[in-house]
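**Q** The structure under discussion is supplied below as structure tokens; questions concerning it will follow.
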Amino acid sequence: MGWIINKSEQGIFLVVADERVQKEIVDVYRRGRVEIYDYRRYPGAYSFLELQKWAAGRPEAQVIMVANFHLALQDEESLKRLNFSRDMLESLGKNFIFLVTPYGDDRLAAGAYDFYSFVKLRVIFQKYGCEQENKSPLVQDEPLRESTWNTEDAREGLSVAYDLTEQAKEEYDKARYYESEKLLLKALGIKKALLGPEHLEIAEITCELAVIYCSLGKYRKAEELLEKSLQIRKKILGEEHPDIAAGYSDLAVVYVKEGRYKDAEELYERSLRISEKVLGEEHPDTAISYNNLAGVYESQGKYQKAEELYERSLRIREKVLGEEHPDTAISYNNLAGVYESQGKYQKAEELYERSLRIREKVLGEEHPDTAVSYYNLALLYADRGEYKKALGYCFKAFRIYELRFGAGHPHTQDIFSNLQIIYSKWDSEGSFIHWLEEKMKQK
């Protein structure tokens, strides 16, 4: 997948994977160079004109991933239109990656042979071999199979819930956490009514809500929701599944925020063991596990162990996600931090700046992750006595956090405190309040 997205020339590619694996692929790549057209969110038969119109609204996108494409191929007319439009798809000058289930792949091979033969590369993902057998028919590990969508009421309700969830993700990526929370709560209500309270879809939304609460500093609430999500997942999936690994990692994040480093380390190690066993050592989720465990080591002063794992995580992300993905920026930022802790300031500065360039380009200059890069550079320059540069970066970080989270947020207050300290070292006789008021007017 990484080669198709980051290295290949334009073409049509086919990825064969069940719906749960498709979701994982979309979650991994949606924040990078890829734009996602998902037939759950845009239900209906295949239409080139609809896809063309959607792609035209995203002129900068070079890679378009068409997820759950099998849902658009429910009749023979759709297959015929697909055959007819293969040259038109190529004329758009973009990489198209079509994701289908094995059943959808069979339909394409039999009914859209002209399109199928035009595919540049076909990639097949196998299902995980760690799922429990003999599950209750009322509790499915893949709740939204194609058959579910044949029920009109369920299709309409789940489509609305899915659309709300995707909007929530978009709001979260823009750091609009309260808007994201409202959308997820609506989606949760719909899915509970359709699927019941102990369904994997419920566990997933519960986990996403917890991530929002963690971002807002509501750690106890986040912890409760994550424990509830883990209970549902363990009951359905067992102990060794990628979703369980993700659940341990999410809960460990909260423990880190609360200063419970030993508890967090234990959960991260448990998550890493599952990821390495089930997904392999070069999977993006394994990279997350390496990164997270490194962070706990760093917090406890185990810098050499942290550096080794950060570097391992970075190598995977550069290879699989590319050098301009937000997750790769996280690795640059974190590795820079451990370099700084060991006094390797030049190497730290280079990686902080590399991370900042990616975030400004991909996330924008007013995203909280971009603010993290500004703040880290500010502290680095302050340590080196370059107070004017430090002051500029620290003010940028403060302004973003104040606008996003308010003056009372703990991170905003922490940045404000350091802004005062840096100013006093830059101009010990000046008025910090007067300087700040003038800077605020300029913005």
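**Q** Can you name the residue in the stretch 61-74 that is of a type outside the set (A, V, I, L, M, F, W, C) and over 20 Å from the mean Cα position of the chain (by Cα) and, of all such residues, is modelled with the lowest pLDDT?
**A** Just the residues of the stretch 61-74 that are of a type outside the set (A, V, I, L, M, F, W, C), to begin with: 62, 68, 70, 74.
Retained after the next criterion (residues that are over 20 Å from the mean Cα position of the chain (by Cα)): 70, 74.
Numbers: HIS70: 88, GLN74: 75.
The extreme case among them is GLN74.
**Q** Has the stretch 5-27 got any residue that is under 29 Å from ILE358 (Cβ atoms), free of Cβ contacts under 8 Å to residues at least 24 places away in the same chain and of a type in the set (Phe, Trp, Tyr)?
**A** no
**Q** So GLY301 clears everything in (1) under 16 Å from the mean Cα position of the chain (by Cα); (2) on the phi > 0 side of the Ramachandran plot except one condition, right? Which one?
**A** Evaluating GLY301 over (1) under 16 Å from the mean Cα position of the chain (by Cα); (2) on the phi > 0 side of the Ramachandran plot leaves (1) as the failure.
**Q** On to the next question. Mind listing just one residue for me: the one in the stretch 90-111 that is modelled with pLDDT of 85 or more and among the aliphatic types (A, V, I, L, M) and, of those, nearest to LEU49 (Cα to Cα)?
**A** Per the stated criteria, the residue is LEU92.
**Q** Let me ask something else. Which of the residues belonging to the stretch 179-208 are at pLDDT 90 or above and over 25 Å from PRO242 (Cα atoms)?
**A** If the condition is that a residue be at pLDDT 90 or above and over 25 Å from PRO242 (Cα atoms), then GLU179, LYS182, LEU183, LYS186, GLY189, ILE190 are the ones that fit.
**Q** Here are some conditions: (1) buried (at least 23 other Cβ atoms within 10 Å of the Cβ); (2) under 30 Å from VAL160 (Cβ atoms); (3) in contact (Cβ under 8 Å) with a residue 24 or more places away in the chain. LEU225 meets all but one. Which one does it not meet?
**A** Exception for LEU225: condition (3).
**Q** Here's another thing I want to ask about it. Among the candidates GLU35, GLU50, GLU60, single out the residue that is in contact with a strand residue (DSSP E or B) (Cβ under 6 Å, 6 or more places away or on another chain) and surrounded by fewer than 20 Cβ atoms within 10 Å (Cβ to Cβ).
**A** Values: GLU50 fails: in contact with a strand residue (DSSP E or B) (Cβ under 6 Å, 6 or more places away or on another chain); GLU60 fails: in contact with a strand residue (DSSP E or B) (Cβ under 6 Å, 6 or more places away or on another chain).
Within the list GLU35, GLU50, GLU60, the selection yields GLU35.
**Q** Does the stretch 211-222 contain any residue that is among the hydrophobic types (A, V, I, L, M, F, W, C), modelled with pLDDT under 95, over 19 Å from PRO368 (Cβ atoms) and open to solvent by less than 10 Å² (accessible area, probe 1.4 Å)?
**A** No, every residue in the stretch 211-222 fails to be among the hydrophobic types (A, V, I, L, M, F, W, C), modelled with pLDDT under 95, over 19 Å from PRO368 (Cβ atoms) and open to solvent by less than 10 Å² (accessible area, probe 1.4 Å).
**Q** Residues to consider are ASN376, ASN418; find the one that is at pLDDT 95 or above and within 30 Å of CYS214 (Cβ to Cβ). Lay out the reasoning, then the answer.
**A** On the way: ASN418 fails: at pLDDT 95 or above.
Within the list ASN376, ASN418, the selection yields ASN376.
**Q** Among the residues of the stretch 421-443 satisfying the criterion of being closer than 16 Å to ILE400 by Cα and of a type in the set (A, V, I, L, M, F, W, C), which is modelled with the highest pLDDT?
**A** Initially, the stretch 421-443 is screened for residues closer than 16 Å to ILE400 by Cα, giving 436-437, 439-443.
Keeping just the survivors that are of a type in the set (A, V, I, L, M, F, W, C) gives 436, 440.
Numbers: LEU436: 89, MET440: 86.
Applying the filter and picking the extreme gives LEU436.
**Q** Looking only at the stretch 92-106, decide whether some residue is part of a loop (DSSP other than H, G, I, E, B) and of a type in the set (Val, Ile, Thr). Step through it out loud before you land on a result.
**A** So the first thing to find is which residues in the stretch 92-106 are part of a loop (DSSP other than H, G, I, E, B), and the list is 92-94, 101.
Narrowing further to those that are of a type in the set (Val, Ile, Thr): 101.
Looking through the stretch 92-106, at least one residue is part of a loop (DSSP other than H, G, I, E, B) and of a type in the set (Val, Ile, Thr).
**Q** Got at least one residue in the stretch 322-336 being at pLDDT below 90 and acidic (Asp, Glu)?
**A** yes
**Q** Checking ARG359 against (1) part of a helix (DSSP H, G or I); (2) more than 24 Å from ILE316 (Cα to Cα), which single condition isn't satisfied?
**A** All conditions pass for ARG359, except number (2).
**Q** Restricting attention to the stretch 91-104, which residues are touching a helix residue (DSSP H, G or I) at 6+ places or on another chain (Cβ under 8 Å) and either open to solvent by less than 60 Å² (accessible area, probe 1.4 Å) or of a type in the set (A, V, I, L, M) (or both)?
**A** Residues of the stretch 91-104 that are touching a helix residue (DSSP H, G or I) at 6+ places or on another chain (Cβ under 8 Å), as a first pass: 92, 94-101, 103-104.
Matches in the stretch 91-104: LEU92, LYS94, ASN95, PHE96, ILE97, PHE98, LEU99, VAL100, THR101, GLY104.
**Q** Given TRP435, TRP426, which one is open to solvent by 60 Å² or more (accessible area, probe 1.4 Å) and touching a residue at least 12 places away in the same chain (Cβ under 8 Å)?
**A** Numbers: TRP435 fails: open to solvent by 60 Å² or more (accessible area, probe 1.4 Å).
Going through TRP435, TRP426 in turn, just one is open to solvent by 60 Å² or more (accessible area, probe 1.4 Å) and touching a residue at least 12 places away in the same chain (Cβ under 8 Å): TRP426.
The values are calculated or read from the model by the stated rules, or taken from the named source; none is laboratory data. Bear in mind that the values here come from a model prediction, so they are computed numbers and not experimental data. Using ideal geometry, Cβ is built from the backbone for each residue, glycine included, and neighbour counts are taken over all protein chains shown. Ligands, DNA and RNA are stripped out before the accessible areas are found, and what is left, the full protein with its side chains, is counted by its heavy atoms. Shrake-Rupley method; radii C 1.70, N 1.55, O 1.52, S 1.80 Å.
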